[in-house]
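Here the structure is laid out as structure tokens; the discussion comes afterwards.
The values are calculated or read from the model by the stated rules, or taken from the named source; none is laboratory data. Everything numeric in this text was worked out from a predicted model, so none of it was measured. Neighbour counts run over all protein chains shown; Cβ positions are idealised from the backbone, glycine included. Note: accessible area is taken over every heavy atom of the protein model, side chains too, but ligands, DNA and RNA are not part of it. Shrake-Rupley method; radii C 1.70, N 1.55, O 1.52, S 1.80 Å.
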Amino acid sequence: MKFIHTSDWQIGKTFSFADDDTLGALQAARVDVVRTIGALARQEGASCVLVAGDIYEHETPERRTLHQPMERMRQFPDVQWHLIPGNHDADTPEGVWARLRREDAVPDNVHLHTCPQAVEIDKAHNAWLLPAVLKRRHTLSDLTDYMNDEVTPPDALRIGLAHGSVVGFSNGQEAEHNPIALDRAKQAGLAYLGLGDWHGFCQIDARTCYSGTPETDRFVTGGAGGGETLVVTVDGPCAQPVISRHRTGKYIWRKLEDIVLTNGEDIEALEARVRGINPDNPSVVMAWLEVSGLLGVDDLRKYESVILTRLQSAVACLRITGAPQLAAGAQDLERLDASATVKVAAQELLQMVEQGGEEGAVAREALQRLFLFWHEVEGAAA
């Protein structure tokens, strides 16, 4: 049997750092990737798609957001989609799952599993799905525990689907919620255990995997990145599954740390480095730069032109933490072909910079703005 394993679509997710245009594009990509997954299922001849929770980002999405993934799945009537709740869209009494049923939004080929019991999903292969069901955002009990004793027909292909943290695998507070036994697949005789909650691909053992989110959604992702979907082939209940990873994400997220700029060559190298993430199409690059350094007047102008204008226009998103500072001296004041008032102000700012402290830091930024503004005025006049 061949099937698709995916999770953490988080339709409706917001990104606080993104402007309106970027936010709209990222949200659209999270919806569009559902079609990509359907096309992958057809291409691979997979009979069904198993979605291990967090289909939605919020328990109360807007109506259009609620219906969007359902309508994308409706476009693939030859593929059976099996969904379970996650911690973002738990099966609460008035939550998203109740709304989907109340609004008659669920296509015939989409199955919402809200009861922890074995369900036949492929009669030809005697395949049964054992879903773990979150009824609230967090639980301290292992919802996969029932799988050990859940009865299925002889020689059945038992496939588990759950959303949570494998005990002993992840660290921090999240690991305390929604625990899953490290050896659940072995305990419950599962041919495969598909997991959600971890946003990057991670294989726990031969039969247990986190698929990661099919469209990357953060600069630092646990596991091996994100933006992937798994194709799983299992030839029998005792056979080891064959797991293949397929790129489904549109956007490529990268964080570049400790970037120190000291001259024009550093600026050109930074631009090349970011464009090199995807040379053929930098418009799908999401880059977060941590920048520092000291630049002269001309190089600071170059930074503004090359990085803050040209590169920022080339990529999907350029998020910058920090900034290079102006390294200006008394000789640079002579470059200001300006009135005496402007020169006096610049000289006073430079003196404050040289004195240091908090006022010096503010004065440095003001002086930097003054130089850049004056060059803009010069350029406009020319």
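Criterion first (outside any helix (DSSP H, G or I) and either surrounded by 23 or more Cβ atoms within 10 Å (Cβ to Cβ) or modelled with pLDDT of 95 or more (or both)) does ASP54 satisfy it?
yes
For the stretch 130-147, a residue qualifies if it is under 27 Å from THR60 (Cβ atoms) and over 27 Å from the mean Cα position of the chain (by Cα), and exactly one does: SER141.
Looking only at residues of the stretch 258-283 that are at pLDDT 95 or above and charged (D, E, K, R), we find that the one that is most open to solvent (accessible area, probe 1.4 Å) is ASP280.
Scanning the stretch 77-118 for residues that are polar (S, T, N, Q) and in a loop (DSSP other than H, G, I, E, B) yields ASN87, THR92, ASN109, THR114, GLN117. Any residue at all in the stretch 66-74 that's open to solvent by 30 Å² or more (accessible area, probe 1.4 Å) and of a type in the set (Asp, Glu)? Scanning the stretch 66-74 turns up at least one residue that is open to solvent by 30 Å² or more (accessible area, probe 1.4 Å) and of a type in the set (Asp, Glu). The number of residues in the stretch 200-218 being open to solvent by 10 Å² or more (accessible area, probe 1.4 Å) and of a type in the set (Gly, Ala, Ser) comes to 1. One residue stands out among those in the stretch 1-46 that are over 12 Å from the mean Cα position of the chain (by Cα) and aromatic (Phe, Trp, Tyr): the one that is least open to solvent (accessible area, probe 1.4 Å), which is PHE3.
For every residue, the table says whether it meets (1) under 30 Å from PHE15 (Cα atoms); (2) modelled with pLDDT of 95 or more; (3) in contact with a Gly (Cβ under 7 Å, 6 or more places away or on another chain).
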| residue | (1), (2), (3) |
| --- | --- |
| ALA188 | no, yes, yes |
| HIS199 | yes, no, yes |
| ARG207 | no, yes, no |
| VAL220 | yes, no, no |
| GLY223 | yes, no, yes |
| THR229 | yes, yes, no |
